[in-house]
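Single-structure report; data block below.
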Amino acid sequence: MIHFVRQSGAVLSSLLYECANSHTDLEGFLLGTVATRTLGAIDDHSDQTDDTTERFIVIQGYTICQSRFYDSQGQVNRDAIEQQVRDIHQVVGYFRFRRETVMTLSIREQILMQGLQEVVPNLECMAIITASLVEENDASTHAHDITFWNTTKTRIPLQIVNMNESTLAYQHFIPSVAQNPRRMDMLRSIDPQSIMQQYDTIYQRAMDALEKATTQVIEKERELKALMEQHS
């Protein structure tokens, strides 16, 4: 079961930008990976640990479909999908953008999702994006909404990640943006040694800045003392 979806603000804003500037409705695929993590809670009174396992989707990018990969009955053509995505195993979801509609799955979309599950091995969600006017008399201001559904047609929450992870939990850090927009490689673990080198570099720069500021203050104090002696 998928507990939530993680997506960076940069990827989401880029996707909404494409939707806002399109002349017609859009559809495409969400690229990323499915991750699992276990969270442990320790009870101070009983010294027992309570482990909770979470399974979630990390969206690292998207691709807009240039041609339809399904027919009027919702039957999916795998070959048409593989012509539009670099690796079908990187597809974790499907999205559709439509204007002035309610945030629900239509019967055709439910059938399409079932067909995608049969041909896309890692597909776990479908997203519906809508745009509506904020005020009826103001056609220049729109509001965008996005909702995710899992394969059982149940809504799942979205977490917007903006690099605010705790530095103490870097072992569990999962990037939400691909390193190369043209290449969706599998996630690599972060080397603890490089993390320590970054801490050392930041500390050294801070000490250098402090030393420079201290030297400037001492020089200003000497100049002030000399001026006071001249006027005394």
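When the residues of the stretch 54-96 are filtered to those that are assigned to a helix (DSSP H, G or I) and crowded, with 18+ Cβ neighbours inside 10 Å, the one that is farthest from the chain's Cα centre (by Cα) is 81. For the stretch 90-107, residues that are without any contact (Cβ under 8 Å) to a residue 60 or more places away in the chain and either among the hydroxyl-bearing types (Ser, Thr, Tyr) or in contact with a Phe, Trp or Tyr (Cβ under 9 Å, 6 or more places away or on another chain) (or both) total 4. Applying the set (1) touching a strand residue (DSSP E or B) at 6+ places or on another chain (Cβ under 6 Å); (2) surrounded by 13 or more Cβ atoms within 10 Å (Cβ to Cβ) to residue 51 leaves exactly one unmet item: (2). The residues of the stretch 2-44 that are buried (at least 16 other Cβ atoms within 10 Å of the Cβ), part of a strand (DSSP E or B) and of a type in the set (Val, Ile, Thr), listed by number, are 5, 33. Scanning the stretch 57-79 for residues that are out of contact with any strand residue (DSSP E or B) (no Cβ under 8 Å at 6 or more places or on another chain) and either at pLDDT 90 or above or of a type outside the set (Asp, Glu) (or both) returns 66, 67, 68, 72, 73, 74, 75, 78, 79.
Within the stretch 122-136, identify whether any single residue is surrounded by 14 or more Cβ atoms within 10 Å (Cβ to Cβ), modelled with pLDDT under 90 and not β-branched (Val, Ile, Thr), and answer yes or no. Yes. Return a yes/no flag: does the stretch 27-49 have any residue that is within 25 Å of residue 147 (Cβ to Cβ), touching a residue at least 60 places away in the same chain (Cβ under 8 Å), touching a Cys at 6+ places or on another chain (Cβ under 6 Å) and assigned by the TED database to the domain that holds residue 128. Yes - at least one qualifying residue is present in the stretch 27-49.
The values are calculated or read from the model by the stated rules, or taken from the named source; none is laboratory data. This structure is a prediction, so every number in the text was calculated from the model and none was measured. Glycine gets a Cβ as well: all are built from the backbone with ideal geometry, and neighbour counts include every protein chain shown.
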